[in-house]
Structure formats: structure tokens, C-alpha cells
Amino acid sequence: MEPSAIIAAVLSVVNTSRLIVHLFQRQMQRNRARRQWKLREDMNSERGTDLSQSTGPRPVDIMVAMGHVDPVERRFWARETSTDWWDRIVLQVWDESQWLRNFRMRKGTFLELCELLSPALKRKDTRMRAALTIQKPVAIALWKLATPDSYRSVVNQFGVGKSTVGVAVMQVAHAIVDLLLSKVVTLGDVQVIIDDFSAMGFPNCGGAIDGTHIPILGPDHQGSQYINRKGYFSMVLQALVDHKGRFTNINVGWPGKVHDARVFKNSGLFRRLQEGVYFPDHKITVGDVEMPIVILGDPAYPLMPWLMKPYTGALDTEKELFNYRLSKCRMVVECAFGRLKGRWRSLLTRSDLSQTNIPIVIAACCVLHNLCESKGETFMAGWEVEANRLAADYAQPDTRAIRRSQRDALRIREALK
């Protein structure tokens, strides 16, 4: 067991022991007060006095005045919690590897993220309680997104209430989407993307597209629409990625029953590609055919002049070579989904969030993925193993191949072949 885990366990035992002792002492005081009050009540009853009808001080006030019960200030928390682990261990003791394992990023990247989110997360103290620092809700959210732990586990680690965990996750997710989505999930330098895909074997390529299913609990309304071809409830994430596996465009929220091609056809990305405004007007000539910047998809997508997909059916050597090169370049999107879920493992188990909140959290995880990739944060080997174990319960459904294609698209693919 690692030192941090041992320390956390020891602190948990100490805090539990303190709570037990505190409760025992309070119970002893109450029992003693009850006995003394009963004795006085019996004496008063002999004198014919009924204190229950008295308009004077309440019994508890009398006991406090006599020194039998310690006065306790009314609090707004249901129980006392400890923040020692966060304040004294994580912030002061943990090294970079511990930050990376537990928060999926180094401390410097974490602090930078907090600074970026501060305009949306900064809160003032209230009469009821002091506001959490910006760092703490961000850490709570990252911990919950990175692990499939229960709320109780997070509560025990950070010394906050269960409701605070849920609020922190959604506040941070909303802040990430509102402040960072348009800045971080963006196309970037198209020429660099094209050059790198060309180096991998496919010319004039601006990205690879695919969809993945995120398991969810069965929704209250239209539940059957969320059951995918593997038989579990899910929500679809469609993503276009660049040569480094960073998301350049995402669409999330469609029910799991909906085919990838329909999700794509109804997305803003499809409309912009169709109108020729998503990429710059950069055509190359292949044989005697002009070819615009294209994206790469699997057989579930329609063959378009700006979307290339593999040949199906009987394949000759040239078609096999074409499919090999396309598949090699399209692997970046599958790897991106693997790293996304490996880092933020909450996407691998059924979320208990509402239908309106789940897309916000998924989009926030995509932003965090891009942030980690752009900062060069290490993707640890053990994460993939754990992700594969969790993903085994929710296998990705196969999608039916789409046969529709345009004549210009066929000519371009034949020229590329």
C-alpha cells in the first residue's frame, strides 16, 4: 500500500474514533442530565408543581443554567467532518505522481485549471458557512470524474457532505463548459493536422470521426430510446479528432438507440462540412479528380466528397491497401475515446445524473481530456487496464454500414485507391 493511502486510512480511523468518543460523551451527559431532571421533577411533583405547564424557562435552559449540559451553538451541518487529508496531506505533502494518479494531472496543471475557472466558481462566505476555496470543489469534481467511487468515498476523503459533492461536480462541469469548451475543443492549425495525417499515409485529411456510447441509468421518460444494440441504456458522444487525438468538435446527448449516421446528419458539424465552411478551401488533385479536405469515418457513415470511409464487400489488393491506410489514420479517434475514458472513468459506469446534466459532464470530460493532452500529462498504463475491465460490462454496440454514397465521393475514393 502506498504511503498516501496509509496516511489517509490512519486519518480516517482517527477521525472515526474521535467521532465515537464525542458521541459517547454527549450521550453520557444527556443520560446524567435526564437523571438529574427526573429527580427534580419527582421532587416538584411531590410539592404539586407541574413544570410541563410552566411559562418559565424550558427544561434544557434550566439544565444549561445549572451547568449540567454544555451549551452548543446551533450549526447548519448534520455532522462534523475533517478536512485534514486535503489541507495537510494533498496540498502540502503529495508529489507530482500522486497528483497525476488521483487527479489525472500534475499540481501545476490543476492550479492553472482553477485559475481559468475562478470567474465562475468564486463564492463569498455566508452567514451559515464559509465558502469553499476554488481548489477544493475542483479537486472534488476531478476525483469524482476520475474514479467510479461512491459519493460516500468522496465524502470521507474531502470531509464534506454528500450534497456538496454533487453540487461541486455540476458547478465545475458547467464552469468548464461555459468558459473553456469553445477555447479548448477547437480546430487549431489545419495545415499541421493535414501534414501529420499525410505523414501517416492519408492526404488532405482534417480529422477522424466516430461515436461512442456512455452508459447511463434508465431515464424516466422515453427510456426505450436510450437502449442501444447491446441492450443497455446509453447516450452517444460523437467526436472529430485531430492527428494527436484531441477533440476538435463534439456532439453529445443523442439517445443510444439512434444510429451514428443519424447523429452525424443532424449535427452542426455535418451542416458546416456540407456547406464547405468548416475547413479552409484547400483542394488537391488526385489523378484527374479534385479532392477537398476530408474527414475519415467507419462504414457506419455515408460516403461523401468530404468524408472517406473503407470499402466493404469483396476487396482486391488496392482496396485492401486503401482500407489499411484509412484505418491506420482513423485509429486516432478510437485511441482518443480510450484515453478519455481511461482518465475519466466515471464515463465507464452508469451515471446517476439527470438527462440534462449528463451531456454537461461528458462535454466537461472532453475539455479536460484536451487540456491534459495539450499539457503533455502522462497517461499511465494502469489506467487502460482498469478502463478495459470496467468497459467489459458495457461493450460498444456495432453499427450498421451505410451504403449510400455520392458519385463525386466514389470518384475521389477510386482516385485515392
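Estimated at 0.36 nm per residue, the fully extended path between L187 and S118 surpasses their Cα-Cα distance by 22.3 nm.
With Cα atoms as the point set, the radius of gyration and Dmax of region 113-269 evaluate to 19.5, 63 Å.
Shape index of region 182-272: Rg/Rh, with Rg the Cα radius of gyration and Rh the Kirkwood radius from the inverse mean 1/r over Cα pairs, equals 1.07. A 1.4 Å probe, protein heavy atoms only, puts the accessible area of W383 near 20 Å². Dipole check for region 344-387: with +1 at the C-beta of Lys and Arg, -1 at the C-beta of Asp and Glu, and the Cα centre as origin, the magnitude is about 100 Debye. Annotation: amide H of T248 within the under-5 Å range of L240, V241, D242, sequence separation 5 or more or interchain, hydrogens built in the peptide plane.
Answer rounded, prolate or oblate for region 284-417, using the Cα gyration tensor with square roots of eigenvalues a ≥ b ≥ c: rounded when a/c is under 1.5, else prolate when a/b is larger than b/c, else oblate. Verdict is prolate for region 284-417.
The alpha carbons of region 163-233 stretch over 47, 34, 17 Å along the principal axes, in descending order.
Summary of packing: across the peptides 95-108, 280-293, the per-residue average of other C-beta atoms within 10 Å ranks them, highest first, as 95-108, 280-293.
The values are calculated or read from the model by the stated rules, or taken from the named source; none is laboratory data. Keep in mind that this is a model prediction, so the values were computed, not measured. A quick note on method: Cβ atoms are made from the backbone with ideal geometry, for glycine too, and the neighbour counts reach across all protein chains shown. To get the accessible areas, we keep the full protein, side chains included, count just its heavy atoms, and leave off ligands, DNA and RNA. Shrake-Rupley method; radii C 1.70, N 1.55, O 1.52, S 1.80 Å.
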